[in-house]
Amino acid sequence: MRKIILIFTLLLMTIPLAAQQELALDFAKANLAYRDGQYAQAIADYERIIAAGTESGAVFYNLGNSYFKNKQLGKALVNYARAQRLMPRDSDLAANVKFATAAVVARVEPTLSFVDKIFSGYVCFYTVNEMVLILGILFGLLGLVHLSGLYWNWLARRMVMTVLGISLGFFAVGLGVKMNLEKAASIVIAPTSARFEPNEKATIYFELSEGQDVRIQASEGEWLKIQRPDRKMGWVASAAVERI
Amino acid sequence: MCKVVQRILNHSVVIFFVLIAFAVMAGSVGAQDITAVATVSATKVELGTAFQLTVTVNGADAVPPVQLPKIDGLESRYLGPSTRVSIINGKMSRSTGLMFTVIPLKTGQFQIPAVTIPINGQNYTTEAITITVVDSGGLNSGPANGTNQNSASALRDKIFIVLSTAKREAYVNEPMALSIKLFMSDLDVKNVQYPTFEHEGFVVDSFEEPLRGQQVLGGVNYQVMEFHAFIYPTRTGDLTLGPAKLAANILIKNSRGDRQADGFGDFFADDIFDNFMGRYETKTIMVESANIGLKISDLPDEGKPADFSGGVGKYKFEMTVSPTAVKVGDPLTVRMRIAGDGNMKSVTFPLLKGSDDFKVYDPKISQHDGEKILEQVVIPKNDRVTALPAVGFSYFDPTDQMYRTVTQGPFALTVSPLTKGEEAKVVGIPVGDSVETGNIMPEELGRDIRFIKETMGPLQKRHFVLYRDVKFILGFVFFVLIWLGLWLHFQYMKRLTTDIRLARRLHAPRQARNDLAVAGRFLHEKDVRKFYDSIFKTLQEYLGNKFHLPAGAISVEALKGYLKVKNGQDQTLATLHEIFNECDLVRFASGQVLEDKMKSTFQQAQEIIDFFERNY
């Protein structure tokens, strides 16, 4: 199943071979810089690959590592989160995210509801593209079973169609939840204060540590209205927060 | 008689004890400190309006009357003393107020000098009070703006807040006591909200329950609500705290009910002090303090211990280990507790490191008010272990401006070896791979991020999402169309098998086309008889199929009855009638027919079929 998904995905998002070779060279250079402890150089090289309009889980993962080693915790977590969107089941990435998250000072943890817990299991297991592809395949199977039932009246087709239909609904809701979660997800990249109003003179509501995950609710000029996982909301300067 | 005596005796005992209690309390009054305070009912008064001066002596049994010195411009008169005795928590306190009425005789600023009261051979002196006397009506008359300003100023004297900290210089993370005092005088204040204040660069604890009390300020006795909280600076440099703001409702008299006020200006624009006969009205006001500047320094590097915990303040550090007698591989629980007045969030526990002697598990840390507790499992790996090493907790004491280290331990342990056949109880450690006892692997886990990826993996376009990809969408639409098409085809086929009328109708032109082709062949072979047979059969079967009638029952008359004949159709039916007659003539009477006539008949048969296809 995973192989099929991978083949389909690759077919759909092919990048010219020559361009790929050039990017692979940049990637190798960046890896060398990282090995030599030149993290700033590694960051510049990895960022160049992304600036070329391409991305991969490994590039974001390595970029996150480089930022972490360069003492930029917030930027590291931003790139780990981007990597998670592309390779959510990577165990190295999960370990690094856990380690880097533990370094966030006074991090406010999200409180998950029962429904969130049910969905977060498989929502975090797949990428958006994988979920779309699975939905497409489920839809196709549903169609095939339906049509086969028209021409060959096999007994289990109703049960198979029910199972496929429920799976389709479950994945569709999961995809909705995932897209909603990813839409506004952001991370604080520099310690900042959240204020009651979008201006420097407004009263401070709470402080935000570097690496704290927040959700962007609205924007006004150079200010963003953010929500902490404990649902407290405040206005912060947009330069202090980066969208995932 | 005996009962009466008994009751009298009982009452006497009660009275006796009450008297003893009062005597003890009276004794305690004498023992308390004596203070003297002078207060006035107002510090700003109009010419000719009397105000009250009270010299209050607390803690004295007997207070002699005193005379105010002569003050030019003020005339005073002693009204007499008033005594108040209160018992709170069994402690009796007594205060005596010497009251004077003072009448201003001219405008200007006057100072009521300090009053000295001799009690038990000692002199107690109050503080001097400054009084401002203005012209009659000067407090609430004149132009509107002037009135507002005067009145606002008067209200600011009656209710205001003061923001203060215990000190103006501190270190990063040092706990600082913050106080916001709300002063109220001669006002009915309700629904006092918790204050808010600017605190960029500080972490702020939540406010405790406010304390209530009294305080004399500039000769005026204020009711005070004091809000306490601890703040912790997070940045170095010159930081500003405040202003603090506090909202409250005040109860005022008002004759008009439609007034609204958002602040001092609007509040007094209504000229509410003009009419004291009106009803009470609640107004919400916001009072604001001045801000204060604080200088925050970084912690000194000199003498900074390598294991500095990050704690700034005064802390207690306790540590226990249990049990102290175990077998190799048995877990010990180490409990550490740090308590103090500093910012507990910034405090880290001393690290217990694994070694050849001990395996250390990740600790479980919990935090409550003013304390942080760590519980950690430690496992002795061999029976040579005699003690858990000493652990030091280092913090910075801002009072003495130096780093301090509190050490706990070493803790003596008795570790006995495992007997033969006995297994280690440690979870997650492979049994049988140990170095010392045959049971435990020595293990030291470092902590860092994992290494980078060597391969780039599948590259894709930035922000590529499948559901927006044209190829994917087209594929999906194509599949849906195929699905729909097959389903419609199935429905069509199903209808053909169940609806014979439709099936015959749809079958009619195809069969007619085939039959005409056969007739055409006979025409070409000039086989007159077979040609007319074929033409007759073609038309009869076509019309039978078309109108779902038995082929043998097809005649022009039958069709006329079946169809509602129109003008054009009448001509067609006449032609049909002619063809049928011609066919009968050839088939049954062996009539001679020319080839041109056969061609004409063939043409007419085609036209008849076309006509019915077009119109029915």
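Please indicate, with yes or no, whether at least one residue in region B:377-387 is in contact with a Phe, Trp or Tyr (Cβ under 9 Å, 6 or more places away or on another chain) and not hydrophobic (A, V, I, L, M, F, W, C). Checked against the condition, which is being in contact with a Phe, Trp or Tyr (Cβ under 9 Å, 6 or more places away or on another chain) and not hydrophobic (A, V, I, L, M, F, W, C), region B:377-387 yields at least one hit. Restricting region B:332-352 to residues that are outside any strand (DSSP E or B) and surrounded by fewer than 17 Cβ atoms within 10 Å (Cβ to Cβ), the residue that is nearest to the other protein chains (Cβ to nearest Cβ) is B:345.
Sort out which residues of region B:174-229 are without any contact (Cβ under 8 Å) to a residue 12 or more places away in the chain and in contact with a strand residue (DSSP E or B) (Cβ under 7 Å, 6 or more places away or on another chain), and write them in order of number.
Listed by number, the list holds a single entry, B:214.
At least 3 residues being surrounded by 22 or more Cβ atoms within 10 Å (Cβ to Cβ), on the phi < 0 side of the Ramachandran plot and free of Cβ contacts under 8 Å to residues at least 40 places away in the same chain is the threshold, and among the helices (runs of 4 or more DSSP H) wholly inside region A:25-137 those reaching it are A:39-51, A:57-69, A:73-86.
For region B:79-133, a residue qualifies if it is under 20 Å from residue B:44 (Cβ atoms), hydroxyl-bearing (Ser, Thr, Tyr) and in a strand (DSSP E or B), and the qualifying residues are B:101, B:130, B:132. Mind checking which residues of region B:67-77 are surrounded by fewer than 15 Cβ atoms within 10 Å (Cβ to Cβ) and either among the aliphatic types (A, V, I, L, M) or in a strand (DSSP E or B) (or both)? Of everything in region B:67-77, those that are surrounded by fewer than 15 Cβ atoms within 10 Å (Cβ to Cβ) and either among the aliphatic types (A, V, I, L, M) or in a strand (DSSP E or B) (or both) turn out to be B:75, B:77. Restricting B:220, B:203, B:216, B:224 to those that are at pLDDT 85 or above and either crowded, with 20+ Cβ neighbours inside 10 Å or among the β-branched types (Val, Ile, Thr) (or both) reduces the list to B:224. The residue of region B:161-173 that is farthest from residue B:294 (Cα to Cα), among those that are touching a residue at least 24 places away in the same chain (Cβ under 8 Å) and small (Gly, Ala, Ser), is B:164. Exactly one residue out of A:210, A:197 is within 14 Å of another protein chain (Cβ to nearest Cβ), surrounded by 13 or more Cβ atoms within 10 Å (Cβ to Cβ), in contact with a helix residue (DSSP H, G or I) (Cβ under 6 Å, 6 or more places away or on another chain) and part of a loop (DSSP other than H, G, I, E, B): that is A:210. Please find, among B:93, B:86, the residue that is modelled with pLDDT under 85, more than 15 Å from residue B:40 (Cα to Cα) and surrounded by 11 or more Cβ atoms within 10 Å (Cβ to Cβ). On inspection, the qualifying residue turns out to be B:93. Filter region B:177-233 for residues that are touching a helix residue (DSSP H, G or I) at 6+ places or on another chain (Cβ under 9 Å) and within 14 Å of chain A (Cβ to nearest Cβ) and give the result. Result: B:203, B:232. Of the helices (runs of 4 or more DSSP H) lying entirely inside region B:487-600, those containing at least 2 residues that are in contact (Cβ under 8 Å) with a residue 24 or more places away in the chain span B:500-525, B:528-546, B:567-589.
The single condition among (1) within 14 Å of another protein chain (Cβ to nearest Cβ); (2) at pLDDT below 90 that residue B:389 does not meet is (1).
A quick yes/no check of all residues on (1) of a type in the set (A, V, I, L, M, F, W, C); (2) more than 11 Å from chain B (Cβ to nearest Cβ); (3) farther than 21 Å from residue A:187 by Cβ:
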residue	(1), (2), (3)
A:45	no, yes, yes
A:54	no, no, yes
A:59	yes, no, no
A:69	no, no, no
A:80	no, no, no
A:88	no, yes, no
A:92	no, no, no
A:102	yes, no, no
A:108	yes, yes, no
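In region B:451-486, the qualifying residues are those that are more than 7 Å from chain A (Cβ to nearest Cβ) and of a type in the set (Phe, Trp, Tyr), and the one that is nearest to residue A:87 (Cα to Cα) is B:451. The set of residues from region A:1-34 being modelled with pLDDT of 90 or more and more than 15 Å from residue B:455 (Cβ to Cβ) comprises just one member, A:33.
Every listed requirement among (1) under 24 Å from residue B:315 (Cβ atoms); (2) in a loop (DSSP other than H, G, I, E, B) is met by residue B:355 save one, (1).
Residue-wise test of (1) surrounded by 13 or more Cβ atoms within 10 Å (Cβ to Cβ); (2) at pLDDT below 90; (3) in a strand (DSSP E or B).
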{"site": "A:154", "(1), (2), (3)": "no, yes, no"}
{"site": "A:162", "(1), (2), (3)": "no, no, no"}
{"site": "A:167", "(1), (2), (3)": "yes, no, no"}
{"site": "A:180", "(1), (2), (3)": "no, yes, no"}
{"site": "A:186", "(1), (2), (3)": "yes, no, yes"}
{"site": "A:219", "(1), (2), (3)": "yes, no, yes"}
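Pull out all pairs, ordered by first then second residue, where Cβ-Cβ is under 8 Å, the residues are six or more apart or on different chains, the first lies in region B:357-379 and is closer than 10 Å to residue B:335 by Cα and among the acidic types (Asp, Glu), and the second is buried (at least 16 other Cβ atoms within 10 Å of the Cβ) and modelled with pLDDT of 85 or more. Correct list of pairs: B:375/B:334.
Entry remark, region B:302-331: residues being more than 15 Å from residue B:171 (Cα to Cα), in a loop (DSSP other than H, G, I, E, B) and without any contact (Cβ under 8 Å) to a residue 24 or more places away in the chain number 2 in total. Of all residues in region B:538-548, one or more are modelled with pLDDT under 90, assigned by TED's automatic domain parsing to the domain that holds residue B:579 and surrounded by fewer than 15 Cβ atoms within 10 Å (Cβ to Cβ).
Can we say residue A:98 is of a type in the set (D, E, K, R), out of contact with any Phe, Trp or Tyr (no Cβ under 9 Å at 6 or more places or on another chain) and within 30 Å of residue B:346 (Cα to Cα)? It is true that residue A:98 is of a type in the set (D, E, K, R), out of contact with any Phe, Trp or Tyr (no Cβ under 9 Å at 6 or more places or on another chain) and within 30 Å of residue B:346 (Cα to Cα).
The number of residues in region B:503-544 that are touching a Leu at 6+ places or on another chain (Cβ under 9 Å) and among the polar types (S, T, N, Q) comes to 2.
The values are calculated or read from the model by the stated rules, or taken from the named source; none is laboratory data. Note that this is a predicted model, so its numbers are computed, not measured. Methodologically, a virtual Cβ is constructed for each residue, glycine included, from the backbone with ideal geometry; neighbour enumeration extends over all protein chains shown.
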